[in-house]
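Report on the following structure.
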Amino acid sequence: MTKISPSVLSADFGNLDRDIEMLNASQAAMLHIDVMDGVFVPNISFGFPVIQAISRKATKPLDVHLMIVDPARYVSQVRDCGAEIMNVHFETCTHLNRVVQQIHDAGMKAAVTLNPATPVFMLEDIIDDVDMVLLMSVNPGFAAQKFIPVTLKKVRQLREMITAHGAKAEIEVDGGINLETGRQVVEAGADILVSGNFVFKAPDPIQTIADLTAL
């Protein structure tokens, strides 16, 4: 079965309790939390008080994806929000090994994200140390974008790298995920699908999550 991480950015923030309860009742494996700073990406989402509120209600692990500059400054705050996974962008970390170690020292799993134009081979020297790699299949910053097809090649390349190293990292893909693109990335080697609008705008989100899980 494929793990599904619905993107809470697409939830109805006027009815957030209701939407988190829906995710709790679903087959979602975790909740994807997008934090945007308006600097690294051209949008601002929400900060730690909202994450803490989600954490108090959620029964699923939180995958906190920091689309921000200098994410190392916030390791302790992310941990204190109840995150199980702290996800940082390769493009924002000058000293990526150090950041990954700080995340692990804080008791969280460490994930690294690559933007669509960042090649997979950039992770060759750190793939053994990370728990997850997130491949963006859209340019980060906004929901409801169209899937970038070159992502499929990147998933295959990353799967080959993980296998060659005997590494433990899971592959997550985020952006433009629906049943068709989800099937394609799973066939290419992905473990986890992030889906926002496709889940939350569906007539039956719980069934949609179940359908994605069955891919």
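Within the range 180-198, being of a type in the set (Gly, Ala, Ser) and not in a helix (DSSP H, G or I) holds for Gly189, Ala190, Ser195, Gly196. In the set Ile126, Ile177, Ile171, only one residue is within 13 Å of the chain's Cα centre (by Cα), without any contact (Cβ under 8 Å) to a residue 60 or more places away in the chain and in a loop (DSSP other than H, G, I, E, B); that residue is Ile177.
Look at the range 88-111: where a residue is touching a residue at least 60 places away in the same chain (Cβ under 8 Å) and a partner is part of a loop (DSSP other than H, G, I, E, B) and crowded, with 18+ Cβ neighbours inside 10 Å, sitting 6+ places away or on another chain with Cβ atoms under 9 Å, you get Ala111/Val130; Ala111/Asp131; Ala111/Ala169.
Would you check if Met86 is among the hydrophobic types (A, V, I, L, M, F, W, C) and within 30 Å of Gln207 (Cβ to Cβ)? No; evaluated as a whole, the condition is false for this residue. Phe40: over 29 Å from Ile126 (Cα atoms) and among the aromatic types (Phe, Trp, Tyr), yes or no? Judged against the criteria, Phe40 is not a match.
Scanning the range 100-122 for residues that are hydrophobic (A, V, I, L, M, F, W, C), more than 17 Å from the chain's Cα centre (by Cα) and in a helix (DSSP H, G or I) gives Phe121, Met122. The residue list Leu152, Leu134 contains one member that is part of a strand (DSSP E or B) and either of a type outside the set (Phe, Trp, Tyr) or within 17 Å of Ile33 (Cα to Cα) (or both), which is Leu134.
Please work out if Gln145 is modelled with pLDDT under 95 and over 19 Å from Val64 (Cα atoms). In short, yes. In a residue-by-residue description of the range 106-118, the property of being out of contact with any Pro (no Cβ under 9 Å at 6 or more places or on another chain), over 25 Å from Ser195 (Cβ atoms) and surrounded by fewer than 20 Cβ atoms within 10 Å (Cβ to Cβ) applies to at least one position.
Scanning the range 122-169 for residues being on the phi > 0 side of the Ramachandran plot and not aliphatic (A, V, I, L, M) gives a total of 2. Checking each residue in the range 1-28 for being more than 22 Å from His89 (Cα to Cα) and under 16 Å from the mean Cα position of the chain (by Cα) picks out Thr2, Ala11, Leu23, Ala28. Can you find a residue in the range 156-169 that is buried (at least 21 other Cβ atoms within 10 Å of the Cβ), closer than 18 Å to His65 by Cβ and among the aliphatic types (A, V, I, L, M)? So far as the range 156-169 goes, yes, one or more of its residues are buried (at least 21 other Cβ atoms within 10 Å of the Cβ), closer than 18 Å to His65 by Cβ and among the aliphatic types (A, V, I, L, M).
Note on the range 23-38: among residues that are touching a residue at least 24 places away in the same chain (Cβ under 8 Å) and surrounded by fewer than 19 Cβ atoms within 10 Å (Cβ to Cβ), the one that is nearest to Phe48 (Cα to Cα) is Asp37.
The values are calculated or read from the model by the stated rules, or taken from the named source; none is laboratory data. Given the structure is predicted, the values throughout are model-derived calculations rather than measurements. Every residue, glycine as well, gets a Cβ built from its backbone with ideal geometry; the counts of neighbours run over all protein chains shown.
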